[in-house]
Structure formats: structure tokens, C-alpha cells
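Reviewing the structure listed below.
The values are calculated or read from the model by the stated rules, or taken from the named source; none is laboratory data. As the structure is a computational prediction, the values presented were derived from the model and not from experiment. Cβ placement follows ideal geometry from the backbone for every residue including glycine, while neighbour counts extend to all protein chains displayed. Just so you know, the surface numbers come from the protein's heavy atoms only, side chains and all, with ligands and any DNA or RNA stripped out. Shrake-Rupley method; radii C 1.70, N 1.55, O 1.52, S 1.80 Å.
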Amino acid sequence: MTAAGLIFSNIHDSSVPELTARRTMASIPYGGRYRLIDFALSNMVNSGITKVGLITHYNYQSLLDHIGNGKDWDLARRHGGLKILPPFITAYDNATANKVYSTRLEALMGVMDFINHCTEDVLVLSDCDVICNVDIAQAIERHEQNGADISVITATVDTAVQPLDAHAEVVKVDAAGRITDMATYDAEKGEVEVSADIFVVRRSYLQRVVADAIAHGQTSFYKDVLYRQLPKGRVFAHHYDGFFGRVNSLESYFRCSMRLLDRGSCVNLFYRHNQPIFTKVRNSVPTRYAPGAKVSNSLIADGCVIEGTVENSILFRGVKVGKGTRVSNSILMQDTLVSENVRLNCVITDKNVIIKDNRELCGHETMPFYIAKESQV
Amino acid sequence: MFKKKECVAMLLAGGQGSRLYALTAKTAKPAVTFGGKYRIIDFTLSNCVQSGLDTVGVLTQYQPLVLNEYIGTGLPWDLDRNYGGVKILPPYQGKNGADWYKGTANAIYQNMQFIERYNADYVLILSGDHIYQMDYAKMLDCHKTNGADCTIAVIDVPLSEASRFGIMTTDATGRITKFSEKPKNPDSTKASMGIYIFNRDKLFSYLTADAADPKSSNDFGKNVIPAMLAAGEKMMAYPFVGYWKDVGTISSLWEANMDILGEKPQLKLATGNWRVLSRHDNAPPQYVGPDAVVDNASITEGCEILGTVKNSVLGENVRVMEGASVVDSVLMGDTVIGPGARVEYAILDHNVEVGAGAAVGAPRESADGKIAVIGEGVRVEAGATVPAGAMLSE
């Protein structure tokens, strides 16, 4: 069964306003050298998908810069490859003139031309707020065996470890894998099965239900399409049990990032057999640990120069840590410059931040201290 | 259709590099890993691109598989161009039989067609076995301003070492008056860097004459340059100041790797917009464990350090397990150092496995300059000992 992909880059942006002030959810930096979209893209590419439509909405300059022509995901192709689908507003139209879509359903309607021109049997839809490494090929195979209309990738989340919010869709699944009920998260405690916002759907079916829902003036993919299809018994869950993180706030971003310092979790996410996570290659030099540097339990990308002490932290590419400085429990994004004799604890610095000599900054793991892109302290 | 290119670079990459022994058993010297995530040829290729030269012929002969694969379409250096770009030029079969490249000059002679296709006015001859960063555009400007027939880049070397190089004697204007290959009593300290710019037509006529001479060994240094000098062509020296190292021996390769370390590294891999470009995998960031010690080291993506790493250069995907130590060493990549193992004063090629508790090499102070070398794919059994200066290959 052939498949094409569709990625929604902006859905859930509003849940992390700090990190999405000048970027999309899809282009939030993660794990030292990645952007959140790398997981959605790599999942698709690893399952043999060679055509991906990328739905963008606003704030997508940083995303386009990251994606380029798609070469780093092997998606720069004559046939298929990566297609960027920005908002589409017709100049002479009436009802939709000057109105950019605002929901997943409207976005799908806006890219109907892309969907119609695909020749693939199934489409894989994915958001960018979820960090996981799923074997989608397997999900597609199961989708076919089940004779499903829609298959939803789901994961088990322990709410004591990973709090959820009302953006999460909780599913109830019967023994055959059928989804019997679905509802937005409502403060349930303990382990719950949630949608990863990754769907496998038959293309012809999607074309039909989306056109129908729009014709009826409906706006929500979950409430107006998925919920209504459940009684027919052809919506299935495909359970995924690897590393699963969901970014729905700055705090959860911090928590999802720090989980990578647990080596087992990190290996589970990045070292799955035949499922590498691809990202843009930046041509950084190797990281240099100067004489006297001290580093422990940290994830460090290339291009860094470390002269001070780094512990329990994540350093993105090109970060500099000066002499006498101690960085603890922090996330320093690309090209952050931390000068000499600085103390940082539970801090998130966005790209190109400069921390001058002798500064002391401290947040808490439940309230990390965030420093915006290109600020100087 | 071929657009005219003012200058075409020809990169000699066919040498065996026999003095690197196990490291070049399966790989041509230019494809030997350097500095963790580079190959030696990256330096010359990056120089070309950053000097604005976008047409590069790479002449291969010895063990070209890894090199061909590495260069591929030339994408990492932006040399995947519609016109020009990087082209691999292996020896080929012609109408009148087939020949290996008999010498550096013969390799270019056999590929004069390539230069003609781009109708180049100048030809830059390079070799893919030196570590240096140089703007060839400045050298070309100098060549044009001087109205020279040939310009040779030279670097000042200590008088005591001059007898190891091809030495240029120049007059006050920089014009070369004498060339002596490895002279016993050098009268100058200007060593040839093996970088030449020729006017195309001049080069072609000398190469054709050289090819017709059965006694010639078809080498630039031995034959072509002396012949041009003897004929009174205008040959100029272009002085280069900066880091330059021939990494043709085990000890010089080790030293050059160490030059990227330290508080103020002698060899900077990136300065401002000038950086060395390379093809590399997409590995996750390196992880440094809770009890790891990393001091004065250069470490690349995909590494996992749980033990100790000091004064060392580690390539991609090296795992240093608990209690293991790596000191004064160069690990090229995809290597596992088992728990409690010790690696000192050694060079390890790709895909080496050092078993738990094994000992490779000896402390540098007591090794008497003897570097242990382990070739690609070798497995050192747990508890085994590999003495200083040993050379292991599969």
C-alpha cells in the first residue's frame, strides 16, 4: 500500500507562546540539534514515504530555513519529495477571501488540491507537538489488515509524570484495537491512552469526509469527523510504546528535553534500528573541551567550546561556555554564548543569547527561566 | 553545453600514502579521517569552494571506493553544480590502449580534455594530502598581476628541515631562479607546497612534451617544473603564511590531530565564515555520562563517553564505556572501547572494538615516540595487550 504524508506545522503553537513567538511548533529546537518536525518527517521517511506535504500557516520562516529543499530527509526529489503548502487564499473569492484557515479541518480543505493530486492509497497525517519514533509502516500494514477507515497512533501516558491538558484526546480501545470512545482530556489520573495526533487514513475516505464536513459547516476534525465515525467501528488504534513526549507548555518542553539525559530514554528515541532521526546538517566543527573543562550527564551537540563546568544540561550546536562558569539543569539553544564566571540553573536560553560575565540566573524545574532569542543578559 | 571557467582545479588524489600503513590499506590517503569528522581531502575541497572555484577534477587511482563514495555528487561542498562542480577522473581506456596514471604530470596530461571542456585560462594543481586553509583566489590574483607562466605556493620551513622538501630559490621580486628537490645543503627555506597555478596553454605544451619523453618519470616536481625553469619561463613563488602540514606519516597525522586541541588550538577548523566542510552522518548529540571525565578533547556527534577521555580526538559514534580511558589518542569513529580498557598514544581507524580490560599502546612519556596503530575493523580481545608502536590490521 502506497502512502503520502501531510504535516501540520502550526497546530498547538499557542500552547508554548515563549518558544513560538517567532517560529512554528514544528521548528522548536529540541534535543541539542533537532527541531520538533524532524520526528514527524523522519517517522514518515523511515516508513518509505517519499512524498510529504507540509502545511504552514504563519511564522514559518524559521521552518523553511530548517527544511530547505528537503535534502537532509532525502526528500529533494523530481517525483514527490517535499511540497510546502502555505495558506491559499483566492484573490476573487467571496466567503474565504481574506480568511486564513484556523482549524485542522479547514487546513485539510485548503490543501485538497495536493490531496487530490496524490496517487497514493493512504495518507499519514501528523502534528509536530509530539516527540516519538514510530514505525508507521507497521501502522499502515495493520490499518490495511483491519480494513480501517482511520487508524490513530496512540501512546500510554502516566499523568503523574507527564501532565496533560485539554488539547490531548483520550481514547478507549476494545480488545480488537477498535476505538470505542474518544474525548478531550478531563483531569483523569493515572495512566491514560492518548492520541499522538498521527493518523493513517485512506485517501478516498478522507476526501469524502472532509468535503462532507465542510459542506455542513463543521470545523473540528476530532469532534465533527472522528467522533462521529466511531460508531461505525472502523476507527482503530495503533499502540506505540517507545519514547513519547508531548510539548504543551514551556514546563513540559523542559521536562521532555531533560528526559533525554536518561540514557535509556535517549537511546529509545534516537537509536531505534533502521529508524534514525534526520535533521538539517549544519557543518559544525567537533566540540572542543578545553583543558580544565568539567562535563557530566549532559547531551552536547557539535560546534560547542566548553571551558567551564556543565552538568545535567543540554547544549545545542555552537554554544560556548566560558571559564569559571557553571551550567546546571539548563537548556542552551544554538549559538548561546555564556561568558566567564556565570551561574545558570534551570535556565532555557533561546538561540543567540549572550550571558555576560558574572551573571547568576536561576529558575526551577517547574518554572524554568526562559531567555528569549537574541537577548543579552 | 559548457560554460567557460576562468580557472579549473585539478586535485591529485591517487596516491597510496604507503607511510600510513594500516590506515591506507583499504583507503586512499585523501580519504583518511582527520580531526573527528573530516577527511584529509576536505581541506583542499573546502579551500576550492571558499576561494570561489567551482570546477574541480579529482584524479583517483589507488583504492578509490571510499573516496568516490565520500565525494559523491559533491553536495557537502556545494559542488553539485549544473555546470562544473566536482568530477571524479579515474584512469581510463583510450583509443590507443589503457594506462594507469604514471606520475602527477601524466595524470593531468591524460585529462587535458577535462580542462579544455571548460575552456579554462588557468589550471590550479593541488594534492589531497595536506592540512591547510588557503584562499586560492588571492594566489590566482597574484599570478595574473605578475604575468607569470607558473606560480608555486611556498611556505617558510626551518633550515634544519629544508632538506625534506622541494626548495625554491627566488630573487628579490619573488621570481624562482632555482628549484632543488630535497637538497642536501639547502640555500633557501622556501618549500614548495605542491600547489601550482599554470597558464593553460603553457601547461599543455610542457605536458605534451613530457609525455613524449620516454625517460621522464612524468612528475611535476621532478620533470615539468625543472623543464619550465630551464626554458626560462616566468615562474613566481607565492608565499603562504599559516598552518600547513603534510600528514603523510603516522606521527605527523597524530600531531596534526592534536593541533586542534588546547586552550588556543594551532589549527582552527572554522574562523568566521571560513570553515572546513565535510560529509557526515546524522548522529544524535554526544552524551557525556555522570562519572565521565573529559579534559582537552575534541568529540564528535554520536559519541557516548562514560569513562575518561584526555588529550584525544574522537570521531563519530565512539563509545568509551565505564572505567575505560582514552589518552593522547586519535579515534576515527564507530569504535567501542570496552569497560576498563585503556588506550594510550594510539591511532584507531574506523570500526575498531577494544574488549573489556584490554590495553592498547603505552603512556606517551614511555612510548619513545612509537604510536600504536589499529586498522579498520580490528577487534582487540578482552584483556589483550597491544604494545606501543604495534601496527594491527585485519
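Cβ-Cβ distance below 6 Å, separation of 6 or more or different chains: which pairs start in the stretch A:22-43 with a residue that is away from chain B (no Cβ under 14 Å) and end on one that is open to solvent by less than 10 Å² (accessible area, probe 1.4 Å) and part of a strand (DSSP E or B)?
These pairs meet every condition: A:LEU36/A:TYR30; A:ALA40/A:ILE7; A:ALA40/A:SER126.
Identify all residues within the stretch A:304-317 that are over 22 Å from the mean Cα position of the chain (by Cα) and either acidic (Asp, Glu) or open to solvent by 10 Å² or more (accessible area, probe 1.4 Å) (or both); write none if there are none.
Passing the criteria: A:VAL305, A:GLU307, A:THR309, A:GLU311, A:ASN312.
Pick from B:SER205, B:SER251, B:SER188: which is more than 14 Å from chain A (Cβ to nearest Cβ), of a type outside the set (D, E, K, R), farther than 23 Å from B:CYS48 by Cβ and open to solvent by less than 40 Å² (accessible area, probe 1.4 Å)?
After applying the criteria, what remains is B:SER188.
Please go through the stretch B:272-286 and pick out each residue that is more than 30 Å from B:ILE225 (Cβ to Cβ), open to solvent by 30 Å² or more (accessible area, probe 1.4 Å) and either within 14 Å of the chain's Cα centre (by Cα) or more than 10 Å from chain A (Cβ to nearest Cβ) (or both).
Residues satisfying the conditions are B:GLY272, B:ASN273.
Considering each of A:LYS280, A:LYS356 in turn, give the residue that is within 12 Å of chain B (Cβ to nearest Cβ) and open to solvent by 50 Å² or more (accessible area, probe 1.4 Å).
A:LYS280
Select from the stretch A:58-81 the residues that are part of a helix (DSSP H, G or I) and within 14 Å of chain B (Cβ to nearest Cβ) and write down the one among them that is surrounded by the most Cβ atoms within 10 Å (Cβ to Cβ).
Here the answer is A:TRP73.
For the stretch B:1-21, name all the residues that are under 15 Å from B:LYS87 (Cα atoms), in a loop (DSSP other than H, G, I, E, B) and of a type in the set (A, V, I, L, M).
B:ALA13
Across the stretch A:1-57, what is the total count of residues that are farther than 24 Å from A:ASP262 by Cβ and either among the β-branched types (Val, Ile, Thr) or in a loop (DSSP other than H, G, I, E, B) (or both)?
23
Is it fair to say B:ILE225 is open to solvent by less than 30 Å² (accessible area, probe 1.4 Å), touching a strand residue (DSSP E or B) at 6+ places or on another chain (Cβ under 8 Å) and away from chain A (no Cβ under 12 Å)?
Answer is yes for this residue.
Considering only the stretch B:28-78, state which residues are surrounded by 19 or more Cβ atoms within 10 Å (Cβ to Cβ), free of Cβ contacts under 8 Å to residues at least 40 places away in the same chain and within 14 Å of chain A (Cβ to nearest Cβ).
Across the stretch B:28-78, the qualifying residue is only B:GLY74.
Could you give me the residue pairs with C-beta distances under 6 Å whose first residue belongs to the stretch A:137-154 and is closer than 12 Å to A:ARG178 by Cβ, whose second residue is in a loop (DSSP other than H, G, I, E, B) wherever it lies, and which are 6+ apart or on separate chains?
What qualifies is A:ALA148/A:ARG234; A:ASP149/A:ARG234.
Those residues that are loosely packed, with under 14 Cβ neighbours inside 10 Å and touching a residue at least 24 places away in the same chain (Cβ under 8 Å), I need them from the stretch B:139-155; list them, please.
If the condition is that a residue be loosely packed, with under 14 Cβ neighbours inside 10 Å and touching a residue at least 24 places away in the same chain (Cβ under 8 Å), then B:GLY147 is the only one that fits.
Does A:GLY242 satisfy being of a type outside the set (Lys, Arg) and on the phi > 0 side of the Ramachandran plot?
no
Picking from A:CYS256, A:CYS304, which residue would you name as being more than 10 Å from chain B (Cβ to nearest Cβ) and within 29 Å of A:CYS128 (Cα to Cα)?
Exactly one of A:CYS256, A:CYS304 is more than 10 Å from chain B (Cβ to nearest Cβ) and within 29 Å of A:CYS128 (Cα to Cα), namely A:CYS256.
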